[in-house]
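In what follows, a structure is listed as structure tokens, so that the remarks can point back to it.
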Amino acid sequence: MSTPTPAAGPTPGATVRLTTAQALVRWLVAQESELFDGSRARLFPGVFAIFGHGNVLGLGDALHEAGAAMPVWRGQNEQGMALAAIGYARATQRRQVLTATSSIGPGALNMVTAAGVAHANRLPLLLLVGDTFASRAPDPVLQQVEHFHDPSTTVNDAFRAVSRYWDRITRPEQLIATLPHVARVLTDPADCGPVTLALPQDVQAEAYDFPVSLFAPRLHRPPRPRADLRELADAAELLREARRPLLVVGGGVRYSGAAREVSAVAQAHGVPFAETVAGRTLLPHDHPLHAGPLGVTGSASANALAADADLILAVGTRLQDFTTASWSVFAADARLVSINAARFDAVKRRAAPVTADAREALRELGPLLGEWRADPAWSARAERERRAWDGVVDRLREAGEPAVPPTYAQVVGVVNTISGPDDYVLTAAGGLPGELVGGWRSCGPVGAATMDVEYGFSCMGYEIAGAWGAAMARPAGVVTTLLGDGSYLMLNSELYSAVLSGHRFVAVVCDNGGYAVIARLQEGQGAAPFNNMITDCRGPGAAADHRVDFAAHAAALGAEVFTADTVEELAKAYAAARAARRPAVVVVRTRPDRWTEAGAWWEVGVPEVSTRPEVAAARERMDLARAERVRKG
């Protein structure tokens, strides 16, 4: 929902002559967003840009004219800067959107992966991609891919599959019709996701007499749709019939600002709750009804309750396979009630749907439950199970032999112990999501939202870029990103961007000698060690276990660097890195053979035919697990 900001309006019918690029930038500057506390902020507070011939003159000149009204930050890699914009959006709870612009061809295509990240995670991202000439007069231009069957197709059509809204602006006046939809998608709780505007080079520079009213300040408030009363009544009836309900807290609770309402419903009715990956840190770790994180990367405690629950109240979650353990974590006869702003998610798995904003639905659901409460023994079990899981994590965090490199669990333990309630932690791919989701203990207040685990797309390389964006959004407190050597090598250039821009964060780089978590999956399903760990790759350098000097590399990019070989050294290095005045990197060699296990199943593609008996045995186990899932329905 958007409303004009009260002010003296423009003269009716007045126009102003601007290029397409100037009009687009002026519109961006005029958009405002209402934050959770009711204050106002810029909806589009800045732009990440890498200029090329496809955007430097049209859009580049318009951005330069805007000056401080639209700050521009230079990225080093188009994917990296778009990922930084995603990290910013998550850290602002989807209330603000950073824009990323590139030239045509390879620069544009570099952002397709980032669009996939935003789409999978339901996060707002505005991509302004340069395009070929709408006139086609100079075709084929530099970096144009010609399509023999369709001259209207360009590489930017690749964004269609990973955009919630896509448009190619072939006339300046088309902005008048499309810009309201740009704002709608970026601020809508159900449709939120990436928007791509393809901007042909000639059209960017073309002028038009735009209505002045297009650039009037406008305040955007994400709508809070209320539930259908019948759906709400049906959900309440199912809950009142339950004795062992479990409330699953998803990312929609975060973006709705509904953590207090979750806590209120849970406490009033004795309902234990578990958090998804996207819902982590919304409620205090030591809450007596907190069963822990749910699923494959979660905790044995939450999974145990999920297995015995007779009703699942899923709030703001799309029920991804890592949350549901490929739909094996819930009991066969458990009923499912799903509260979600997106009906697409609310109706999944034959759930009783409540299509509504999480905060408003929970506020209206509470009175319908009356004096009903869950079985007291069930309510008490949540804390008992979670304390047992805490004991498991404590043992995993214990310091081992001084000469033995730390485990991921020990690295997470050090960061968790030193971090405070205003700090923010982030990761994305490899083994660290399981360690962070399963082992982190939130110390912030209700609704703190101090974690970003990008496990919707699980994009290697998000860790450093996302931390740059999060650091922009959260100048108070320390942003810490945890990543493995594989993710660092895949995309590290935005560390230099953060040095240039002056946004400090701490990156803890865990060097475990390769793609350790995929090696774990590979070997755990009976396959031979192959092409994951450095020593299992082809070539003389691999045979010699040649390692990258990550400390020297990070220092060359301008980061302040610290190294550690033991848990004790890591604690000292991380504490020092937090006090650094510029982006800091802590490099620590870690063990690739010890993990936090929640005991949940995950379906993967184990071959039906293999020469290895270990793979055949793994396939047999997979088939048995599938059969059990079918039995559960």
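The values are calculated or read from the model by the stated rules, or taken from the named source; none is laboratory data. Owing to the predicted nature of the structure, the values given are computational and were not obtained by experimental measurement. Don't worry about glycine lacking a Cβ; one is built from the backbone with ideal geometry, like all the others, and counts go over all protein chains shown. Side chains are part of the model used for accessible areas, which takes the heavy atoms of the whole protein and leaves out ligands, DNA and RNA. Shrake-Rupley method; radii C 1.70, N 1.55, O 1.52, S 1.80 Å.
Here is how the number arises for the chain: DSSP H runs of 4 or more residues each give -39500 (n - 2.57), the sum is divided by the residue count, and the result at 222 nm is -11500 deg cm²/dmol.
Solvent-accessible area per residue in the chain equals 39 Å², computed with a 1.4 angstrom probe and all protein chains kept.
For the chain, the relative contact order comes to 13 percent (Cα pairs under 8 Å, sequence separation of at least 6).
Taking every alpha-carbon pair under 8 Å whose residues sit at least 6 apart, the range 356-507 reaches a relative contact order of 20 percent.
Sequence-ordered 3J(HN,Hα) estimates for the range 546-555 from the Karplus curve with 6.51, -1.76 and 1.60 and θ = phi - 60° stand at 5, 10, 6, 8, 5, 5, 5, 5, 5, 5 Hz, glycine and proline given as x. Direction-averaged projected area, Cα convex hull, the range 222-319: 6.3 nm², rounded to one decimal. Start at zero, step by 5 Å, and the Cα-Cα distances of the range 370-412 spread as 5, 18, 17, 14, 11, 9, 9, 7, 5, 3, 1, 1 percent across the bins.
With a 1.4 Å probe rolled over the protein heavy atoms of all chains, the accessible area of His285, His147, His64 falls in the order His64, His147, His285, largest first.
In the range 539-633, the inverse of the mean reciprocal separation of distinct Cα atoms equals 18.0 Å; this is its Kirkwood hydrodynamic radius. In terms of its Cα atoms, the range 36-125 spans 42, 31, 16 Å along the principal axes, sorted from long to short. Every Cα-Cα pair in the range 58-97 was counted, and those over 12 Å apart are 66% of them.
On a per residue basis, the convex hull of the C-alpha atoms belonging to the range 135-293 measures out at 204 Å³. A cut-off under 12 angstrom between Cβ atoms defines the neighbours of Met460, and their net charge, with Lys, Arg +1 and Asp, Glu -1, is -3. Derived from the Cα gyration tensor, the three semi-axes of the equivalent ellipsoid of the range 68-200 are 25, 16, 14 Å, largest first.
Translational diffusion coefficient, Stokes-Einstein: compute it for the range 130-226 using the Kirkwood radius over C-alpha pairs as Rh, at 20 °C and 1.002 mPa s, and state it as an integer in µm² s⁻¹. Rounded, D is 140 µm²/s. Rounded to 0.05, the FRET efficiency of the Asp422 and Leu624 pair, given R0 = 60 Å and the Cβ-Cβ distance, is 0.80.
The heavy atoms of Met472 present about 30 square angstrom of accessible area, all protein chains included, probe 1.4 Å.
Close amide H contacts of Thr15 (hydrogens built in the peptide plane, cut-off under 5 Å, sequence separation of 5 or more or a different chain): Val212.
I want the antiparallel fraction of DSSP beta bridges within the chain, as a percent rounded to 5. So the antiparallel bridges amount to about 15 percent of the total. Stokes-Einstein diffusion for the range 268-426, with the hydrodynamic radius set to the Kirkwood value over Cα pairs and evaluated at 4 °C in a medium of 1.567 mPa s, equals 75 µm²/s. Here the Karplus relation 6.51 cos²θ - 1.76 cosθ + 1.60, evaluated at θ = phi - 60°, turns the backbone of the range 35-51 into coupling constants of 7, 4, 7, x, 6, 10, 8, 5, 5, 10, x, x, 9, 8, 9, 10, 8 Hz, with x for every Gly and Pro. The range 184-200 and the range 582-633 have Cα centres lying 36 Å from one another.
As a size descriptor, the averaged projected area of the C-alpha convex hull of the range 294-366 was calculated at 4.7 nm². If R0 is taken as 51 Å, the Cβ-Cβ distance between Ala552 and Arg384 corresponds to a FRET efficiency of 0.55.
Residue-wise HN-Hα couplings along the range 217-231, as the Karplus relation 6.51 cos²θ - 1.76 cosθ + 1.60 with θ = phi - 60° gives them from phi, are x, 9, 9, 10, 10, x, x, 10, x, 7, 6, 4, 4, 5, 4 Hz; Gly and Pro carry x.
Once R0 is set to 56 Å, what does the formula 1/(1 + (r/R0)^6) return for the Cβ-Cβ distance between Asp157 and Leu35, expressed as a FRET efficiency to the nearest 0.05? Once the sixth-power term is evaluated, E becomes 0.95. Treating each Cα of the range 472-617 as one equal point scatterer and applying the Debye formula with no solvent, the log10 of I(q)/I(0) at q = 0.09, 0.18 Å⁻¹ comes out as -0.38, -1.07. In the frame of its principal axes, the range 368-517 has Cα extents of 57, 42, 28 Å, reported largest first. The orientation-averaged projection of the convex hull spanning the C-alpha atoms of the chain amounts to 30.5 square nanometres. Taking amide H atoms as placed 1.01 Å from N in the peptide plane, the amide H of Val425 lies under 5 Å from those of Met451, Asp452, Thr480, each 5 or more residues away in sequence or on another chain.
At 20 °C and 1.002 mPa s, grab the translational diffusion coefficient of the range 25-64 from Stokes-Einstein with a Kirkwood Rh over Cα pairs, rounded to a whole number in µm² per second. Answer, rounded: 183 µm²/s. Ranking Phe51, Phe344 by solvent-accessible area of protein heavy atoms (1.4 Å probe, all protein chains present), from largest to smallest, gives Phe344, Phe51. For the range 249-341, the relative contact order works out to 29 percent when only alpha carbon pairs closer than 8 Å and six or more residues apart are counted.
Where does the charge balance sit around Pro71 when Lys and Arg score +1, Asp and Glu -1, over other residues with C-beta under 14 Å from its C-beta?
Local charge sum for Pro71: +1.
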